[in-house]
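Worksheet: one structure, shown below.
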Amino acid sequence: MVVTDYEKCSGCAACENSCGYGAITMQPNELGAIIPQIDPTKCVSCGLCVKICPQNSAPDLHKPLDCFAVTRKNPECLTGSSSGGVGAGLSELVISQGGVVCGLTFSNGRICHVVAETKLDIEQFKGSKYVQSETGHVFGQILHYLKKDRFVLFAGTPCQVDGLLHFLRRPYDNLLTIDLICHGVPPQQYLKEHIRSVTGKDISALQKISFRQGINYFLELTANQRRVYQKKSSEDIYLQSFCDSLISRKNCYNCQYAQTSRCADITIGDYWGIDRSELSFKTNSPISVVLINTPKGAKLWADAQHIFLCQSRPLEDAVAKNNQLRAPSRPHKDRTLFESWYPIVGFDNAVKKTSLFRKILRQRIRRIVMIPLTIMRSLLKHLGD
């Protein structure tokens, strides 16, 4: 039995979570992307995994009811957040109302979804993580909370949201979902290989991984309370490959969720290129775009107004400023070349076979040349003073 066409599989793990016989495990394929593997000695051919898989049916999508430009009222609350702090603010609200939040964290060498029950616990969800997370068996934990009448907020990529909804098989009034405006997700195996290449350390030795500093993209790795690696995206193989859409999962390039209509109750992302002069509030803080897609999302958003500065915006403006609200990311022109080399030479060396690496080298050379020029200009200015 095959759950779905593996080029369509998003790795959401809804099938693994739904199998009551333990016959399915998520394992990396030749390109490092996790896909379901079925143990024929345990499988009873019930077909539930095929039925559950969100890639085997059209998603239930909602046209946004409202669109907002948003940031936190208290700028201090933005510490650790990549954009306007919307996910963190809504998570805090849900916790304060006695609910639980399921979000993405880095822990014990894994980028994974976990459930948090306190405001302190949700701190780990802050910050962008440009890699596919492991959902593991968290869908089953969410079902447990829902059946106990706890309010649950789940945040993830659209395919993970849809995977959860298919796993649950019926709507729950006490579940609210947030999907992220997603550029695409690289397999976690790529990041692990890259970290080992640039630090000589296994990912499990790290305490923190950071991909963003405000609107700037940096890969920063921390171990033993000190920074062991930091490069901006233009000089880092992994981050530049992500930004240039070389290394996403195959299914990301044909993503059925990359459109204006959404599968979650609320959609959040960066509000790129917004004209701040058009806003009724003044702030230097990053701005998020928020799409309210369902009445359930509208209710939570109404409860959260004391947390945010926000202004209604034309949906067309947000769509024009975010490609992934129109169509999936297009693969880099050397994507096929990367695919052919990766199984043979591994992540870093496969990227080095592409034109993207030459782009990175040019950036590194430019930086080396600019350092003495910058020092000379500073010295001349000092002498002039």
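The values are calculated or read from the model by the stated rules, or taken from the named source; none is laboratory data. Since this is a predicted model, take the numbers as computed values, not measurements. Heads up, the Cβs are rebuilt from the backbone with ideal geometry, glycines too, and the neighbour counts pull from every protein chain shown. With ligands, DNA and RNA removed, areas are computed over all heavy atoms of the protein, side chains included. Shrake-Rupley method; radii C 1.70, N 1.55, O 1.52, S 1.80 Å.
Listed highest first by mean packing, meaning other Cβ atoms within 10 Å per residue, what order do 210-223, 256-269 come in?
The most tightly packed comes first, giving 256-269, 210-223.
In Å², what does the accessible area per residue of the chain work out to with a 1.4 Å probe?
Here the residues of the chain average 47 Å² of exposed surface.
Normalised by the empirical 2.2 N^0.38 Å for globular proteins, what value does the Cα Rg of the chain take?
Normalised by 2.2 N^0.38 Å, the Cα Rg of the chain equals 1.02.
Once you have the Kirkwood Rh of region 287-361 from its Cα pairs, apply Stokes-Einstein at 10 °C and 1.306 mPa s and quote D in µm²/s.
D = 97 µm²/s.
Lysine pairs in region 128-240 with alpha-carbon atoms under 24 Å apart, 8 or more places apart or on different chains: how many are there?
Within region 128-240, the lysine pair count is 13.
Within the P(r) computed for region 93-159, what percentage of the Cα pairs occupies the region above 20 Å?
Cα-Cα pairs of region 93-159 separated by over 20 Å account for 24 percent.
Using a Förster distance of 41 angstrom, determine the FRET efficiency expected from the C-beta separation of GLU278 and ASN108, and round it to 0.05.
Efficiency at R0 = 41 Å is approximately 0.35.
Express in nm, to one decimal, how much length is gained between VAL2 and LYS333 on full extension, taking 0.36 nm for each residue of separation and deducting their alpha carbon distance.
Net length gain for the segment: 116.1 nm.
Would you please put 7-20, 119-132 in order of how densely packed they are, using the mean number of other Cβ atoms within 10 angstrom per residue and starting with the highest?
7-20, 119-132
Pop out the carbon and sulfur fraction of the accessible area of region 43-179 as a percent, whole number, probe 1.4 Å.
50
A 31 angstrom limit on the alpha carbon distance is what I want to check against. Which of LYS126/LYS296; LYS73/LYS299; LYS119/LYS282; LYS126/LYS299; LYS8/LYS353; LYS296/LYS333 exceed it?
LYS296/LYS333
Just check region 209-284 against the gyration tensor rule for me: Cα atoms, a ≥ b ≥ c as the square roots of the eigenvalues, rounded for a/c under 1.5, and otherwise prolate or oblate depending on whether a/b exceeds b/c.
Judged from the Cα gyration tensor, region 209-284 comes out oblate (a/c at least 1.5, b/c at or above a/b).
Between ARG362 and GLN305, what is the spin-label point distance in nm, taking each point 7 Å from the Cα along the Cα→C-beta axis?
According to this spin-label approximation, the distance is 5.1 nm.
Rounded to a whole number, what % of the accessible area of region 251-299 do carbon and sulfur atoms account for, probe 1.4 Å?
Looking at region 251-299 in its full context, I get 50 percent from C and S.
Output the peptides 137-150, 90-103, 177-190 sorted from most to least packed, where packing is the average of other Cβ atoms within 10 Å over each peptide's residues.
Highest mean packing first, the order is 177-190, 90-103, 137-150.
Give the calculated FRET efficiency between LYS147 and SER96 to the nearest 0.05, with a Förster radius of 25 Å applied to their Cβ-Cβ distance.
0.65
Quick one: net charge around ASP202, please, counting Lys, Arg +1 and Asp, Glu -1 for every other residue with C-beta under 14 Å from its C-beta.
The answer is +3.
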